[in-house]
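The values are calculated or read from the model by the stated rules, or taken from the named source; none is laboratory data. Predicted model, so just to flag it, every value in this text is computed and none were measured. Cβ placement follows ideal geometry from the backbone for every residue including glycine, while neighbour counts extend to all protein chains displayed. Side chains included, ligands, DNA and RNA excluded: accessible areas come from the protein's heavy atoms. Shrake-Rupley method; radii C 1.70, N 1.55, O 1.52, S 1.80 Å.
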Amino acid sequence: MKPPKFEYHAPTTLDEAVAALGRYGGDAKVLAGGQSLMPLLNFRLARPAALVDLNRVASLAYIREQDGQVRFGAMTRQRTIEFSPVVAQHLPLLKEATRWVGHLPIRTRGTIGGSIAHADPSAEYPAVLAALEGEVVARGAKGDRVIRAADLFQTYLTTNLAPDEILTEVRLPAMPAGVGYALEEFARRHGDFAIVGIAAMVVREGQRCTMARLATAGAGPVPVRLRAAEEILERDGLGEAAIDAAARKATELVDPDADIHASADYRRHLAGVLTKRALTRAIGVARG
Amino acid sequence: MVTVRLKVNGVAHEGRCEPRKLLVDFIREDLGLTGTHVGCEHGICGACTIMFNGEAARSCIMLAVQADGAELGTVEGLMRDGKLHPLQEAFREHHGLQCGFCTPGMLITALDLLRTNPSPSDREIREGISAVLCRCTGYQGIVNAVRAAAPILASGR
Ligand SMILES: Cc1cc2nc3c(=O)[nH]c(=O)nc-3n(C[C@@H](O)[C@H](O)[C@H](O)COP(=O)(O)OP(=O)(O)OC[C@H]3O[C@@H](n4cnc5c(N)ncnc54)[C@H](O)[C@@H]3O)c2cc1C
Ligand code: FES
Ligand code: FES
């Protein structure tokens with residue numbers, strides 16, 4: 001089908017974009033990469049009065065290192081992230097996750113800000129944001145506010161961004177050198193949204209684990225940090241028994257729903273299997 | 001109505017359309033370039049894939065107005081001097097197409113793959129072309145064609 005009628009704004013500055021959005025009091029939508037919003041418009045599942053297109057706001061596309069973080073302008077394309085040397089060096093988990101986001105022609109347009117604002121429960125970037133304890137910056141009429149990953153995701157496709165706020169920046173702490181990481185996911189075809197995905201990060205000192213991070217995609221309405229499973233590794237180390245215990249714990253911590261793609265039980269099972277795979281691979285690449 | 005000025009395969013075009021006009025419809029209906037196909041209209045099938053400023057992208061989930069000022073490449077631009085592009089030649093040689101519906105999107109996608117990764121493994125070729133759905137070939141002929149074209153493109157024809 002074709003999109004319904006809308007008023008179209010293509011501001012060139014962030015201030016104009018915020019002002020344009022504010023004028024519609026919640027009836028306008030931000031258009032970023034369009035890789036999720038345009039299908040909704042084409043199917044008329046979304047019928048906003050207006051679109052505020054950010055694609056001409058040049059100041060929203062950058063990758064910058066600052067204060068031990070890598071900061072991304074919201075309009076930074078997933079494709080740019082995939083090939084960025086800064087990302088390869090400091091955020092290898094994000095680079096790995098990017099290869100799972102749709103396909104190269106999708107990543108040409110899709111943005112980091114759009115993926116996080118859209119908050120699809122199966123999307124990879126929200127899981128990485130949760131695993132790395134990142135944060136985002138939102139700009140509204142009242143100015144900027146910083147939102148931590150743990151506070152951002154509310155439920156399916158819902159963040160705590162207000163309708164008149166624009167997500168402007170994504171901040172991810174640089175991963176420590178020698179860190180182990182992996183993103184494992186299961187989908188029926190490459191490029192499909194994950195049925196379940198697990199992002200893992202471990203910092204090791206010999207067989208000891210000084211930090212473990214585990215976050216899910218597709219195992220509930222929002223990304224879930226598997227803190228109790230992380231604690232098992234931080235307490236018991238990185239041996240096989242601890243990995244198995246963490247994987248078992250993962251199946252208890254998630255509360256997935258059933259949909260046409262998979263039953264809740266199957267998703268729960270996958271959470272355990274993928275946790276084990278992700279940890280095993282992460283520990284294999286960790287140095288220290 | 002908005003005015004859209006852009007280049008397609010190096011040729012300047014101008015048109016007027018509603019802001020809600022999809023880029024693929026603008027290319028096909030307003031510019032008359034029907035080589036680019038349209039299938040699913042929601043980004044899944046890849047038939048509408050074009051080059052947008054040198055990078056493959058779906059033209060069914062982009063607005064024509066967003067392409068104002070852009071340089072597009074479509075399947076019509078692949079031939080040079082009446083001769084098929086080496087990638088097209090490889091598709092013909094290796095049975096990379098049957099009905100041809102997916103082929104324009106498949107060619108553009110494969111071209112983008114080979115530009116970013118000039119000597120892909122079979123696994124990487126499969127991952128790359130998984131961006132486009134083909135109901136006819138079973139994909140093996142397409143994989144063979146892309147593999148065969150890779151060294152030819154890498155050597156600059
Ligand atoms: C075939 C296909 C396969 C895909 N597979 C995957 C996959 O495997 N994994 C995955 O994670 N994604 C996948 N996606 C979706 C992904 O590509 C999108 O890029 C992403 O979900 C949305 O990003 P976008 O920049 O395209 O945002 P848009 O589609 O433009 O916007 C999405 C939503 O977020 C809002 N929004 C966007 N940017 C902002 C902002 N800066 N501030 C406030 N609100 C904003 C919009 O208003 C809209 O509601 C797929 C898409 C397609 C078409
Ligand atoms: S028509 Fe564009 S992806 Fe199917
Ligand atoms: S050749 Fe018929 S769809 Fe691919």
Output yes when any residue across the range B:88-105 is in contact with a strand residue (DSSP E or B) (Cβ under 8 Å, 6 or more places away or on another chain) and within 16 Å of ligand 1 (Cβ to nearest atom), and no when none is.
yes
Hey, among B:55, B:29, which residue is acidic (Asp, Glu), within 18 Å of residue B:110 (Cα to Cα) and more than 10 Å from ligand 2 (Cβ to nearest atom)?
B:55
2 or more residues closer than 23 Å to residue A:171 by Cα and at pLDDT 95 or above: qualifying strands (runs of 3 or more DSSP E) within the range A:1-64
A:28-31
Hey, residue A:105 buried (at least 24 other Cβ atoms within 10 Å of the Cβ) and within 16 Å of ligand 2 (Cβ to nearest atom) or not:
yes
Residue check: is residue A:112 touching a Ser or Thr at 6+ places or on another chain (Cβ under 6 Å) and surrounded by fewer than 21 Cβ atoms within 10 Å (Cβ to Cβ)?
no
Subset of the range B:99-115, residues away from ligand 2 (no atom under 14 Å from the Cβ), out of contact with any Lys or Arg (no Cβ under 9 Å at 6 or more places or on another chain) and not small (Gly, Ala, Ser), comes to B:107, B:111, B:112, B:113, B:114, B:115
Subset of the range A:211-248 (residues that are of a type in the set (Lys, Arg), open to solvent by 40 Å² or more (accessible area, probe 1.4 Å) and under 22 Å from the mean Cα position of the chain (by Cα)):
A:225, A:227
Filtering the range B:8-51 down to residues that are more than 25 Å from residue A:50 (Cα to Cα), without any contact (Cβ under 8 Å) to a residue 12 or more places away in the chain and not basic (Lys, Arg) yields B:11, B:12, B:32, B:34
Condition met for residue B:70 (among the hydrophobic types (A, V, I, L, M, F, W, C) and over 30 Å from residue A:4 (Cα atoms)):
no
Within the range B:112-152, considering residues that are over 19 Å from residue B:40 (Cβ atoms) and not in a helix (DSSP H, G or I), the one nearest to ligand 3 (Cβ to nearest atom)
B:138
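Could you look through the range B:49-65, keep only residues that are part of a loop (DSSP other than H, G, I, E, B) and open to solvent by less than 10 Å² (accessible area, probe 1.4 Å), and pick out the one that is farthest from the other protein chains (Cβ to nearest Cβ)?
It comes out as B:59.
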Hits in the range A:1-27 - residues which are free of Cβ contacts under 8 Å to residues at least 60 places away in the same chain, more than 12 Å from chain B (Cβ to nearest Cβ) and open to solvent by less than 40 Å² (accessible area, probe 1.4 Å)
A:11, A:20
If the requirement is being part of a loop (DSSP other than H, G, I, E, B), within 14 Å of the chain's Cα centre (by Cα), within 14 Å of ligand 2 (Cβ to nearest atom) and surrounded by 21 or more Cβ atoms within 10 Å (Cβ to Cβ), which of these qualifies: B:39, B:46?
B:46
For residues that are more than 14 Å from chain B (Cβ to nearest Cβ) and part of a helix (DSSP H, G or I), tally how many sit in the range A:70-94.
9
Taking the range B:73-103, which residues are under 30 Å from residue B:1 (Cβ atoms) and open to solvent by less than 10 Å² (accessible area, probe 1.4 Å)?
B:74
Taking interchain pairs and intrachain pairs at least six residues apart, which have beta carbon atoms under 9 angstrom, with the first residue in the range A:118-129 and within 14 Å of chain B (Cβ to nearest Cβ) and the second in a helix (DSSP H, G or I) and within 16 Å of ligand 2 (Cβ to nearest atom)?
A:118/A:37
So, residue B:109, is that one within 11 Å of chain A (Cβ to nearest Cβ), within 15 Å of ligand 3 (Cβ to nearest atom) and open to solvent by less than 30 Å² (accessible area, probe 1.4 Å) or not?
yes
Of the numbered conditions (1) farther than 21 Å from residue A:173 by Cα; (2) outside any helix (DSSP H, G or I); (3) open to solvent by 70 Å² or more (accessible area, probe 1.4 Å), residue A:287 satisfies every one except a single condition; which is it?
(1)
Taking the range B:117-134 as the search range and keeping residues that are open to solvent by 50 Å² or more (accessible area, probe 1.4 Å) and more than 17 Å from the chain's Cα centre (by Cα), which one is farthest from ligand 2 (Cβ to nearest atom)?
B:119
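Determine, yes or no, whether residue B:32 is assigned to a loop (DSSP other than H, G, I, E, B), in contact with a Leu (Cβ under 9 Å, 6 or more places away or on another chain) and more than 11 Å from chain A (Cβ to nearest Cβ).
no
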Scanning the range A:198-249 for residues that are over 15 Å from residue A:286 (Cβ atoms) and either assigned by TED's automatic domain parsing to the domain that holds residue A:151 or among the β-branched types (Val, Ile, Thr) (or both) gives A:198, A:216, A:222, A:224, A:232
Against the definition (crowded, with 23+ Cβ neighbours inside 10 Å, under 30 Å from residue A:50 (Cβ atoms), more than 16 Å from ligand 3 (Cβ to nearest atom) and not hydroxyl-bearing (Ser, Thr, Tyr)), how does residue A:157 come out, yes or no?
no
